[in-house]
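Working notes, beginning with the structure itself.
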Amino acid sequence: MSSTAAKTVLIVEDETPLAEVLEEYLRASAMEVERIEDGLAVIPRVRAAPPDLILLDLMLPGRDGLEICRELRSFSSVPIIMVTARVEEIDRLLGLELGADDYVCKPFAPREVVARVKAQLRRVEMLNRPASEIDADTVGRLVLDEDRYEARLDGRALRLTVGEFRLLAALSRYPGRILSRARLIDALYDDHRVVTERSVDTHVKNLRRKLASAFDGRQFIESVYGVGYRYEPE
Ligand code: CA
């Protein structure tokens, strides 16, 4: 699909009023929207006509969002934003490494969800840009666009979740300096949700894996046992 065509968002949500509100907001942002309420219908739908992004509720009739997410990841890299009813669940989901790109918790502000949808769509668009469009001046540099949650290292776009982006932004602000997990928790969430140090570890682990796979195994983030983490650009 070309970058100028309207993007299609698939909302998988069995609470109809909630799905309707999201649909309204996404359409107002010039996106196409399709809705599914039954968990069993998701995989066939995505195989038949892949959307540009999926908003996937966790608790669904027919089949739960966990299983659906796992199966989607076996054949598709479509951005997935998981929607959960409980904030405590996000930690558990992160630990399961489902491959979702972001998580939102109910009740949410529709505007916030739209912003996260847009951030994911932009990320994919950047990844798909031809190499010829990448600016040679950016080699050796980490460039972070904090409004758009976009990260580029050596001119290469990184596909990061919002959490991973925030961690990288916090660590790279102090290259070579160790930041404690507690400090990284503050960087991760600005809404005082309950998070554990374990979830910082999970985010860092995912971030390191993404950096290593984009840069031939190079490690940019060092784990300092019992203390925290340090960003080492060289
Ligand atoms: Ca539900």
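Quick notes on this structure:
- Which numbered condition Ile81 misses (of (1) at pLDDT 95 or above; (2) within 16 Å of the ligand (Cβ to nearest atom); (3) open to solvent by less than 70 Å² (accessible area, probe 1.4 Å)): (1)
- Taking first residues from segment 46-61 that are hydrophobic (A, V, I, L, M, F, W, C) and partners that are away from the ligand (no atom under 14 Å from the Cβ) and open to solvent by 30 Å² or more (accessible area, probe 1.4 Å), the Cβ contacts under 7 Å between residues at least 6 apart in sequence or on separate chains come to Leu53/Lys7.
- From the options Asp57, Asp38, Asp52, residue that is out of contact with any Leu (no Cβ under 8 Å at 6 or more places or on another chain), of a type in the set (Asp, Glu) and modelled with pLDDT of 95 or more: Asp57
- Single unsatisfied condition, Pro107 versus (1) closer than 25 Å to Asn206 by Cβ; (2) at pLDDT below 95; (3) within 16 Å of the ligand (Cβ to nearest atom): (1)
- Ala28 vs. criteria closer than 16 Å to Lys118 by Cα, modelled with pLDDT of 95 or more and assigned by TED's automatic domain parsing to the domain that holds Gln120: yes
For every residue, the table says whether it meets (1) of a type in the set (D, E, K, R); (2) open to solvent by 10 Å² or more (accessible area, probe 1.4 Å).
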| site | (1), (2) |
| --- | --- |
| Leu144 | no, yes |
| Asp154 | yes, yes |
| Leu160 | no, no |
| Leu167 | no, no |
| Gly176 | no, yes |
| Asp186 | yes, yes |
| Ser199 | no, no |
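- Within segment 8-40, tally of residues that are open to solvent by 30 Å² or more (accessible area, probe 1.4 Å), within 14 Å of the ligand (Cβ to nearest atom) and small (Gly, Ala, Ser): 0
- Sole residue being within 14 Å of the ligand (Cβ to nearest atom), assigned to a loop (DSSP other than H, G, I, E, B) and not polar (S, T, N, Q), chosen from Pro61, Pro51: Pro61
- Verdict on Arg45 being assigned by TED's automatic domain parsing to the domain that holds Asp101, touching a strand residue (DSSP E or B) at 6+ places or on another chain (Cβ under 8 Å) and more than 18 Å from Lys106 (Cα to Cα): yes
- Yes/no for Ser74 being more than 16 Å from the ligand (Cβ to nearest atom), of a type in the set (S, T, N, Q) and over 16 Å from Gln120 (Cα atoms): yes
- Looking across Ala187, Ala170, Ala182, one residue alone is over 21 Å from Ala100 (Cβ atoms), within 18 Å of the chain's Cα centre (by Cα) and assigned to a helix (DSSP H, G or I). It is Ala170.
- Number of positions in segment 201-216 that are open to solvent by 50 Å² or more (accessible area, probe 1.4 Å) and either β-branched (Val, Ile, Thr) or in a loop (DSSP other than H, G, I, E, B) (or both): 1
The values are calculated or read from the model by the stated rules, or taken from the named source; none is laboratory data. Computed from a predicted structure; not experimentally measured. A quick note on method: Cβ atoms are made from the backbone with ideal geometry, for glycine too, and the neighbour counts reach across all protein chains shown. These area figures cover heavy atoms from the full protein model, side chains too; ligands, DNA and RNA do not enter into them. Shrake-Rupley method; radii C 1.70, N 1.55, O 1.52, S 1.80 Å.
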